[in-house]
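The values are calculated or read from the model by the stated rules, or taken from the named source; none is laboratory data. Everything quoted here is computed from the prediction, not taken from an experiment. All Cβ positions, glycine included, derive from the backbone under ideal geometry; neighbour counts span all protein chains shown. With ligands, DNA and RNA removed, areas are computed over all heavy atoms of the protein, side chains included. Shrake-Rupley method; radii C 1.70, N 1.55, O 1.52, S 1.80 Å.
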Amino acid sequence: MGTGIYAQYGIEPRRKVVAGKTLHTLRITDPWKEVSEEISNAVHMPPEQATQKFEAMGWSRKGKRWRAPAPPKPAAVTAPPRQEKEKITMPRPEAAPPRPTPPPAAHNATADSPTPKLVRQVMALLEAHFDEETGIWRNGYSDARIARETEASVEMVAGTRRAAFGEERDIAELQAMKTEVGVLRGMVEDLESRIARALNPAGKR
């Protein structure tokens, strides 16, 4: 697929070598924020499909210009309630001591709203270690391993993989599919042989 059709959408086809393997990618850039985003183009997808993937990652497009997703807003810090000055009173025998109020749980802003930098790190590792065509991991990687290396949540890594590269598949499942294809191919060849013998029973040409 020619590069000119991608240029109409502001998308730049690129090639890079990772671990000795040439990878085809598609790249967009926000000139205002000076940030870029890349996705795998192993199957040479149409520009419309690539545009949908970028928009699913939070980017927006107007003509050939792309705008990066806005950074997550920092979590609002709630000031603790002002405590009144304690009055000195004689304790009553029947009065129970007040129970301390536990502090509110801290809000994890990174897990809820990943930053563009974190998304790029996850995408780079997915492109290097996940085969989009077969749905198989390479080099012993997994969603959990990428989450550990980037400090992202496993849910965020898995969601990004499904949106940009698709579902993962088990090797046993692929082997079963290959076996089924082989059986079907043998049935087709046998059927073709029977048809040929029926059309030419005497072996005439």
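Rg to Rh for segment 114-187: what is it, with Cα atoms only and Rh by Kirkwood?
1.13
If amide H atoms are built 1.01 Å from N in the plane of the peptide, which residues on other chains or at least 5 residues away come under 5 Å of the amide H of Val35?
Close amide H contacts, sequence-distant or interchain: Asp30.
Under a crude label model (7 Å from the Cα following the beta-carbon direction), how far is Lys73 from Ala196 in nanometres?
Label at Lys73, label at Ala196, 7.2 nm between them.
Sequence-distant or interchain residues sharing an amide H contact under 5 Å with Trp59, placed H: which?
none
Per residue, how large is the accessible surface of segment 114-187? Use a 1.4 angstrom probe and give square angstrom. Show your work: numbers first, answer last.
On the way: 4270 Å² over 74 residues.
Per residue, segment 114-187 has an accessible area of 58 Å².
Considering amide H positions built from the backbone, and no H for Pro or chain starts, which residues 5 or more places from Leu23, or on another chain, come under 5 Å of its amide H?
Placed amide hydrogens put Lys16, Val17, Val18 under 5 Å from Leu23.
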